[in-house]
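Beneath this line is the structure, given in structure tokens, with notes to follow.
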Amino acid sequence: MSTVLFAVNGFAQTQKGNVMVGAQLANIGGTFQNGGSVFNLNLTPKAGWFIRDNIALGVDVNLGLTTGNDQTDFLYGIGAFGRYYVSDKRVELDRKSRWFFEASAGVNGVNRKVGDVSTNTNGLGIGIGPGLAYFITPNIGLEGLVKYDLTVGFGSSTTAHRVSFNLGFQIYLPSAKARQTIREVGK
């Protein structure tokens, strides 16, 4: 039944007025080789609103930690993002997936400690990258996002940049369902 409903609605998830909430989980895992080990974990919760069909604007928070081999990086930030979901059927992998492009801007920081030496970069953070959402249900999408992030500003290091491969999920709610959920949570 859900497959039939999904096919009839097309991509109702990305229609104007709908809401998306979820998180990106990036670089989860570790490396254990060459006599050392590294552990990575990033978490980026997001909330967005579709201002037009296939175009969402929202807010996100970025928290990340990388540790190992006598080095620790702590990443943080808060900002806004925009997404454009490609609706061209010629580039679809299958009927349950959608390509998207994401751009973000906000206040970011990277604090790094290597041995006894600490550096930090705090300032404007911008990012851009392509992604793919695969809808496992009509309202839940699993996502992969490759993103380049640049932080420019103040601190002992004026720039910090990284490329990340993010895995996560989003829950897409029609605007009426989102309003009902918000009212129920507020009770």
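The values are calculated or read from the model by the stated rules, or taken from the named source; none is laboratory data. Only a predicted model underlies this, so the values are computations on that prediction, with no experimental measurement involved. So basically every Cβ, Gly included, is an ideal-geometry build from the backbone, and we count neighbours across all protein chains shown. The area values use the complete protein model at the heavy-atom level, side chains included, leaving out ligands, DNA and RNA. Shrake-Rupley method; radii C 1.70, N 1.55, O 1.52, S 1.80 Å.
Could you grab me the full set of residues in region 145-158 that are assigned to a strand (DSSP E or B) and either in contact with a Gly (Cβ under 6 Å, 6 or more places away or on another chain) or open to solvent by 70 Å² or more (accessible area, probe 1.4 Å) (or both)?
Selection gives Leu145, Val146, Lys147, Tyr148, Asp149, Thr151, Val152, Gly153, Phe154.
Would you be able to tell me the number of residues in region 111-127 that are open to solvent by 80 Å² or more (accessible area, probe 1.4 Å) and in a loop (DSSP other than H, G, I, E, B)?
Total meeting the criteria: 1.
Out of (1) under 13 Å from the mean Cα position of the chain (by Cα); (2) in a helix (DSSP H, G or I), what's the single condition that is false for Val185?
Going through the list (1) under 13 Å from the mean Cα position of the chain (by Cα); (2) in a helix (DSSP H, G or I), Val185 breaks only (1).
Can Phe101 be described as hydrophobic (A, V, I, L, M, F, W, C), open to solvent by 70 Å² or more (accessible area, probe 1.4 Å) and within 16 Å of Arg162 (Cβ to Cβ)?
no
Among the residues of region 26-42, write down those that are at pLDDT 85 or above and either touching a helix residue (DSSP H, G or I) at 6+ places or on another chain (Cβ under 6 Å) or surrounded by 16 or more Cβ atoms within 10 Å (Cβ to Cβ) (or both).
Asn42
Which residues, taken from region 43-56, are open to solvent by 30 Å² or more (accessible area, probe 1.4 Å), closer than 16 Å to Gln24 by Cα and either hydrophobic (A, V, I, L, M, F, W, C) or at pLDDT below 95 (or both)?
Across region 43-56, the qualifying residue is only Leu43.
Okay, residues lined up against (1) closer than 16 Å to Asn62 by Cβ; (2) out of contact with any helix residue (DSSP H, G or I) (no Cβ under 8 Å at 6 or more places or on another chain):
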| site | (1), (2) |
| --- | --- |
| Glu92 | no, yes |
| Val114 | no, yes |
| Thr121 | yes, yes |
| Ile128 | yes, yes |
| Phe135 | no, no |
| Leu150 | yes, yes |
| Gly153 | yes, yes |
| Phe165 | yes, yes |
| Leu173 | no, no |
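Going by what's in this entry, would Leu63 be described as among the hydrophobic types (A, V, I, L, M, F, W, C), farther than 16 Å from Gly131 by Cβ and either open to solvent by less than 50 Å² (accessible area, probe 1.4 Å) or in a loop (DSSP other than H, G, I, E, B) (or both)?
When the stated conditions are applied, Leu63 does not pass them.
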